[in-house]
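Student: Structure incoming, see below.
The values are calculated or read from the model by the stated rules, or taken from the named source; none is laboratory data. The structure displayed is predicted, hence computed values, not measured ones. We place every Cβ from the backbone using ideal geometry, glycine too, and count neighbours over all the protein chains shown. All accessible areas refer to the heavy atoms of the entire protein, side chains included, with ligands and DNA or RNA removed. Shrake-Rupley method; radii C 1.70, N 1.55, O 1.52, S 1.80 Å.
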Amino acid sequence: ACTGIENIDEAITLLEQNNWDLVAAINGVIPQENGILQSEYGGDTLHGPAYGPTSHSTAASSTPSSSSAFRHVVPSRQIVERQPRMLDFRVEYRDRNVDVVLEDSSTVGKDLAEAVNVELLSVSWHMKIEGSLVFQVQRETVLKTLHLPKNNSLYVLTPDLPPPSSSHSGALQESLNQNFMLIVTHREVQREYNLNFSGSSTIQEVKRNVYDLTSIPVRHQLWEGWPPSATDDSMTLAVSGLTFPCHRLTVGRRSSPVQTREQSEEQCTDVHMVSDSDGDDFEDATEFGVDDGEMFGVASSALRKSPMMPENAENEGDALLQFTAEFSSRYGDCHPVYFIGSLEAAFQEAFYGKARDRKLLAIYLHHDESVLTNVFCSQMLCAESIVSYLSQNFITWAWDMTKEANRARFLTMCTRHFGSVVAQTIRTQKTDQFPLFLIIMGKRSSNEVLNVIQGNTTVDELMMRLMAAMEIFSAQQQEDIKDEDEREARENVKREQDEAYRISLEADRAKREAQEREMAEQFRLEQIRKEQEEEREAIRLSLEQSLPPEPKEESTESVSKLRIRTPSGEFFERRFLASSKLQVVFDFVASKGYPWEEYKLLGTFPRRDVTQLDPNKSLLEVKLYPQETLFLEAKE
């Protein structure tokens with residue numbers, strides 16, 4: 001959080017180089033203003049800033065402020081020459097890649113530009129630092145003021161060339177007649193406005209129209225997104241370099257002189273210090289025309305443009321929206337991300353998800369009438385290290401205790417969720433003890449308040465207490481994760497058993513249904529077979545009864561004697577009148593159980609299929625007289 005180093009191997013190397021002295025390792029890579037401090041313990045060099053105001057010549061021997069970022073500094077020390085901090089740049093320009101190593105005291109134009117040998121003349125560079133947004137960097141900018149990490153990637157782009165002079169006037173006239181769509185985002189309220197302007201409109205006209213929409217006077221407007229060429233408010237949009245047909249801009253309210261001074265101090269050093277012993281803050285505030293009340297956030301309501309939170313707000317989410325917008329307006333955009341919603345919703349978000357996703361809940365209680373509020377918000381709550389740690393490990397919820405109605409409402413919520421003891425503790429807090437920072441940890445049966453941090457603290461102490469709460473929470477979270485994993489394992493086993501049982505039941509049911517279907521099919525086929533047999537038997541009996549009587553041997557008429565062999569090898573004989581039709585023979589064979597539709601009757605000499613002959617011819621005509629032996633054969 002302090003150094004921007006994300007590579008664990010690099011961090012361990014730095015610690016080993018400094019004999020595992022954390023403070024020395026951190027100060028060894030942080031940009032320093034006042035040199036290196038040498039400790040009296042063992043003669044080791046302690047890399048770090050000279051504590052106390054930098055304007056006094058006795059800063060190296062005076063007692064450090066109690067609110068310094070690192071409280072433990074040896075009493076006796078001397079300033080020695082500071083080791084420069086080296087920055088590594090990976091510069092990409094078209095198809096070329098250049099590796100550059102520079103001291104952080106180098107400038108962009110004189111040193112970096114010459115090092116990569118890119119001829120950009122006097123125009124500004126467009127650089128993209130890895131992990132950051134695209135921004136403009138002037139040539140005289142000192143690298144140290146950019147607070148860059150050790151390793152950086154730069155992309156150098158050349159500006160577009162102007163159109164040829166012969167067609168310049170025609171293109172300019174065309175641009176003046178074009179309409180530009182400006183998408184303007186109001187930063188404090190996160191609202192967008194889509195505005196149409198002709199190319200002949202001036203930048204000043206745009207800013208005046210935005211004043212009508214946002215109530216931010218032109219002199220207090222702080223813009224982002226204007227092209228580098230838009231240097232004069234009297235310029236028309238056609239020549240200002242806006243992207244056609246649509247261009248995005250962001251507007252916000254310019255910070256107060258006190259906030260501007262605090263931000264400029266933060267750019268000078270990465271170690272934030274709060275001085276308790278000097279009156280320079282008051283002198284600087286007087287120079288800017290700011291009284292004590294505005295410096296510490298006290299007293300007169302005239303110093304406040306609007307309250308942090310409306311009184312008697314019906315919806316907590318709407319109240320938190322106004323709180324966030326007003327907080328950003330006063331202290332800048334670098335602040336904790338406040339949860340928008342009710343306290344119950346914040347509980348749900350923090351405590352009632354999966355154990356791995358749970359977080360601590362941090363409740364920030366603001367009070368405009370406390371002398372500590374402005375310092376706590378601007379220098380501690382908005383410190384990048386605190387903001388980063390809160391965003392990673394906490395759900396942050398806020399409430400304004402300035403108005404009595406809002407105070408009573410929060411105490412009621414506090415009693416309901418934390419009990420009367422916690423509510424009474426907050427009720428007895430004096431105004432000068434605000435703001436308060438409550439650290440809440442969710443448990444199975446109740447919510448536990450781990451810590452109540454008052455406003456009279458330092459960045460170090462605030463971070464230490466947050467980390468201490470995080471250690472307690474992490475231990476509890478590991479237990480919850482273990483219990484949850486065991487519970488999920490049991491539930492998975494139960495689900496697998498239930499699924500296996502269900503599959504077994506399905507298989508048994510399917511098997512039973514298949515057996516039932518098979519039995520039903522067998523029964524149906526058996527019924528069909530019986531019906532067919534009964535039908536065949538009926539037909540056989542009918543044919544048997546319809547046969548003419550067998551002639552006797554001594555009959556005077558011509559008699560044909562037929563001997564028929566069955567497929568099973570049996571023989572049966574019968575006499576027929578020679579004048580009888582061949583169909584009578586077929587009926588006789590069918591009456592014996594061999595219908596001519598299924599069997600064919602074959603003669604011997606010559607071999608022939610008698611069933612292919614005309615059944616209406618007589619036996620004499622088909623030469624089955626006076627006797628013949630026939631064979632029955634099943635048809636294919």
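Student: Does Val459 meet the test of being within 28 Å of Ile481 (Cα to Cα), assigned by the TED database to the domain that holds Tyr389 and modelled with pLDDT of 85 or more? Please lay out each step first, then the result.
Tutor: Details: within 28 Å of Ile481 (Cα to Cα): no; assigned by the TED database to the domain that holds Tyr389: yes; modelled with pLDDT of 85 or more: yes.
The answer is no for Val459.
Student: Can you list the helices (runs of 4 or more DSSP H) found entirely within the range 312-395 that contain at least 1 residues being touching a Leu at 6+ places or on another chain (Cβ under 8 Å), small (Gly, Ala, Ser) and in contact (Cβ under 8 Å) with a residue 60 or more places away in the chain? Walk me through it before giving the result.
Tutor: Details: elements: 316-331, 343-351, 384-393.
Helices (runs of 4 or more DSSP H) meeting the threshold: 343-351.
Student: Kindly indicate whether Lys443 is over 17 Å from Ala345 (Cα atoms), open to solvent by 60 Å² or more (accessible area, probe 1.4 Å), in the same structural domain as Ser329 (by the TED database) and among the basic types (Lys, Arg).
Tutor: No; evaluated as a whole, the condition is false for this residue.
Student: OK, next. Could you tell me how many of the residues in the range 516-551 are more than 12 Å from Phe588 (Cα to Cα), touching a strand residue (DSSP E or B) at 6+ places or on another chain (Cβ under 6 Å) and among the acidic types (Asp, Glu)?
Tutor: Selection size over the range 516-551: 0.
Student: Taking the criterion of being touching a His at 6+ places or on another chain (Cβ under 9 Å) and either buried (at least 18 other Cβ atoms within 10 Å of the Cβ) or not in a helix (DSSP H, G or I) (or both), would at least one residue in the range 405-424 satisfy it?
Tutor: No, the range 405-424 has no match at all.
Student: Inside the range 191-207, can you point out the residues that are assigned to a strand (DSSP E or B) and either charged (D, E, K, R) or open to solvent by 80 Å² or more (accessible area, probe 1.4 Å) (or both)?
Tutor: Listed by number, the residues that qualify are Arg191, Glu192, Asn194, Asn196.
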